[in-house]
Amino acid sequence: YSLRKIWKLLGRPPCFLIDFRPIIPPLIVVTDPKVAEEISRPSSAFPYSLGKDEGCMRFKWVLGSESIVLTEGEEWKELRRRFNPAKLRRNPGFQPSHLHSLIPLMLRKTRIFTNKLRTAAASQAVVTFGNYVQDLTVDIIGEVVVEHDLRAQLTEEGEGEKGPGGVLMTLDKILEWTYNEQRALNPFHRFSILRPIMLRYYSRILDRRLSEIIHSRIETRKPESATRTILNLALQDVTGPLSSQLHKLTVTQIKSLIFAGSHTTASTVQWITYLISKHPSILAKVRAEHDVIFGDRPVEEVLAKTPKEALSAMVYTTAVIKETLRLYSPAGSVRSAPAGSGFGVTVGGMRMRLDGTMLFVNHHIIHQDEKVGKEKARSTAHSHLKSRKTWMI
């Protein structure tokens, strides 16, 4: 968000340079969709578009160097084919009917979440909302990915998966040693000899725990439940024990799905809650829509009987979600133009060489640029109401 302020002070250019050397290479912040398209599309020199920046590799201790988030080219395509079963027509795992079948699970976890909020409100306790949301998303993703209940919402710090050797505690420790916002510019932290040691230590603990969970799921999976989780979908063509290579890949991708999925989703839920709290009229319209759809009936009952119809009717709710994603995108894209490659883009009719730099496509700025949309960018859901289809249908 600070970059948006800089962009405005510079007169809203299509891209601008920030030089953070020696901390990181020169950074080109891209704020124009046409320039962003030049960077993102494949070309003869870059068949898979520009590569991911080397800075992404700082997350190799969190995700693993073979993570779908970090790999590229043919390796990335193969991982996406296996761990994104929605791409396979024969695979029913991500069809609407299967997604609808996950609604009871999501509602059970969300009930725990809302009950915790009510308890906190009744006691007038001050709580960190972000922690509550993070626990909710981790709980749901853990069940959907590996059919394992992490019990993040019901576990106290220091116990279960939040205790020594647990998935959640270990992930937090790896993140703390990977990137700490308060100490990001501190050279003693950035170049500490302890960092690689501690990252390797916690990474091994996390891999060991995930291996236990994966082996447990594989040993107990049944034919009738073979399409219920991403793990089962990805391994449905595997018979017998996993090879060491496939086992390593599976652990790595499961880490990626839990980490990347939970943080982006939690961020979006927090922004939605914040924005509707600041716009009472929009909150009132969301509530009115839900009153029409659900009435006095329990949410679980309505969604169990007519999930497709109920979700399709949430036109305004869907618009609010889309508008939140436009205003506050949970992630951006950072790519790298190798030095000497001669890579460049056209800006204002002039060709600019950008090789040897980091290229950051800033979705936050692009989405809020008044020139991009037909209407002035503002915090409203009305601009999305032309499309009546939800993402689940």
**OP:** Select from region 300-316 the residues that are among the β-branched types (Val, Ile, Thr) and out of contact with any Lys or Arg (no Cβ under 8 Å at 6 or more places or on another chain) and write down the one among them that is least open to solvent (accessible area, probe 1.4 Å).
**Re:** 302
**OP:** Please enumerate the residues belonging to region 16-39 that are loosely packed, with under 15 Cβ neighbours inside 10 Å and of a type outside the set (A, V, I, L, M).
**Re:** 19, 20, 21, 22, 26, 34, 37
**OP:** Return the residue satisfying two criteria in turn: it lies in region 118-160 and is of a type in the set (A, V, I, L, M, F, W, C), touching a helix residue (DSSP H, G or I) at 6+ places or on another chain (Cβ under 7 Å) and farther than 25 Å from residue 220 by Cβ, and of such residues it is least open to solvent (accessible area, probe 1.4 Å).
**Re:** 133
Subject >> Pair list, Cβ under 8 Å, 6 or more apart: region 43-56 residue at negative phi, other residue outside any loop (DSSP other than H, G, I, E, B) and of a type in the set (Val, Ile, Thr) >> reply: 50/39; 52/334; 53/334; 55/334; 56/334
Original post:
Which number in (1) free of Cβ contacts under 8 Å to residues at least 24 places away in the same chain; (2) part of a helix (DSSP H, G or I); (3) over 25 Å from residue 101 (Cβ atoms) marks the one condition that residue 309 misses?
Top reply: (3)
Subject >> Single match in 125, 121 (criterion: outside any helix (DSSP H, G or I) and more than 15 Å from the chain's Cα centre (by Cα)) >> reply: 125
**OP:** Kindly establish whether residue 297 is part of a loop (DSSP other than H, G, I, E, B) and either at pLDDT below 85 or surrounded by 12 or more Cβ atoms within 10 Å (Cβ to Cβ) (or both).
**Re:** no
**OP:** Could you run through region 342-362 and say how many residues are surrounded by fewer than 17 Cβ atoms within 10 Å (Cβ to Cβ) and in contact with a strand residue (DSSP E or B) (Cβ under 9 Å, 6 or more places away or on another chain)?
**Re:** 8
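Residues are listed down the side, and each one gets a yes or a no for (1) modelled with pLDDT of 85 or more; (2) open to solvent by 100 Å² or more (accessible area, probe 1.4 Å); (3) touching a strand residue (DSSP E or B) at 6+ places or on another chain (Cβ under 6 Å); (4) of a type in the set (Ser, Thr, Tyr):
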{"position": "197", "(1), (2), (3), (4)": "yes, no, no, no"}
{"position": "207", "(1), (2), (3), (4)": "yes, no, no, no"}
{"position": "219", "(1), (2), (3), (4)": "no, yes, no, no"}
{"position": "222", "(1), (2), (3), (4)": "no, yes, no, no"}
{"position": "235", "(1), (2), (3), (4)": "no, no, no, no"}
{"position": "243", "(1), (2), (3), (4)": "no, no, no, yes"}
{"position": "246", "(1), (2), (3), (4)": "no, no, no, no"}
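Quick one: count up the residues across region 16-70 that are assigned to a helix (DSSP H, G or I) and either within 21 Å of the chain's Cα centre (by Cα) or at pLDDT below 85 (or both).
12
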Original post:
Within region 1-15, how many residues turn out to be open to solvent by 70 Å² or more (accessible area, probe 1.4 Å) and assigned to a helix (DSSP H, G or I)?
Top reply: 4
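The values are calculated or read from the model by the stated rules, or taken from the named source; none is laboratory data. These numbers come from a predicted model, not from an experiment. Because the Cβ atoms are built from the backbone with ideal geometry, glycine has one as well, and the counts that use them run over all protein chains shown. With ligands, DNA and RNA removed, areas are computed over all heavy atoms of the protein, side chains included. Shrake-Rupley method; radii C 1.70, N 1.55, O 1.52, S 1.80 Å.
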